[in-house]
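Remarks on the structure that follows.
Every number in this text was worked out from the coordinates using simple rules, so none of it is lab data. Note that the structure is a prediction, hence the values are computed from the model and not measured. Counting neighbours? That spans all protein chains shown, and the Cβs are built from the backbone with ideal geometry, glycine included.
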Amino acid sequence: MRKNCPAGAIDFNQKHQELVVEVTSIIIATGFSPLDPSVLPQYEYGRFQDVITSLQYERLMNAAGPTDGEMLDLQIKHAQKELHLFNASDPENRKVKDYCSQICCMYATKQAIVTKEHEPSIDVMAFYNDLNASGKGHEDLLKRAIEEYGIKYIKELPSEVLWNEKSRSKRRKILNQELRIGVNLYAIVVLI
Ligand code: SF4
């Protein structure tokens, strides 16, 4: 029987033990269930290659990821001018969940800031129904995202991601019914 995991990080033969240690902080990592994009068919995940989940985007931006953190290497390179973050797991989207996780707004903010630090020329917009910045330091981070990095927060999730029939290409438009956000071509859409 294997004694360690493949990375050698966990010893399967370890026994339960009680330890008394002095620490300054405790991090409780509860884990999470990733968003299932199939419950949001209006955003055409799986049809358009530049509609991706936040975990996929995380890999894309990671220096150890498939593109060495370089979005330029992807087929979606034309999409680099705009990044749209959809806080799609908001309670108003009850198909996803009916409570506020208190994390996705700040996760989107983190993704937006990392993107701007990576490539300042990208226009980043975060679409949301509700904005929860109630945690310690979150208001400050949000303020920095807006004032320092120029990230735009737009209240209301786009209703759909649509195929652009006219151009007969993989372009598409994002239509926000209320705000008339209009036609935004070549945007990467990240479902958070
Ligand atoms: S308010 Fe923000 S943190 Fe709460 S569920 Fe909506 S997007 Fe997530």
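Can you give me the distance in nm between label points at N62 and T30, each placed 7 Å from the Cα along the Cα-to-Cβ direction?
Result: 2.3 nm between the two label points.
Calculate, in nm to one decimal, what K155 and K97 gain on full extension: separation in residues at 0.36 nm each, minus their alpha carbon distance. Spell out each step's value before the answer.
Working: separation 58, 0.36 × 58 = 20.88 nm, distance 1.90 nm.
Gain in length upon complete extension: 19.0 nm.
Residues with amide H under 5 Å of L85's amide H, sequence separation 5 or more or different chain, H placed in the peptide plane at 1.01 Å from N; which?
Counting only residues 5 or more places away or on other chains, the set is M125, A126, F127, V190.
Using a Cα-Cα cut-off of under 18 Å, which aspartates and glutamates could be cross-linked to K95, ignoring same-chain neighbours fewer than 8 residues away?
Candidates past the 8-residue exclusion: D36, E44, D130, E156, E160.
Note down the nm distance, to one decimal, between modelled labels 7 Å out along Cα→Cβ at N13 and at L162.
Output for this residue pair reads 6.5 nm.
Within region 1-62, report the GluC sites (Glu not before Pro) that DSSP leaves as loop and that have at most 10 other Cβ atoms within 10 Å.
Working: sites: E18, E22, E44, E58; in loops: E18, E22, E44.
Loop-located and lightly packed - E18, E22.
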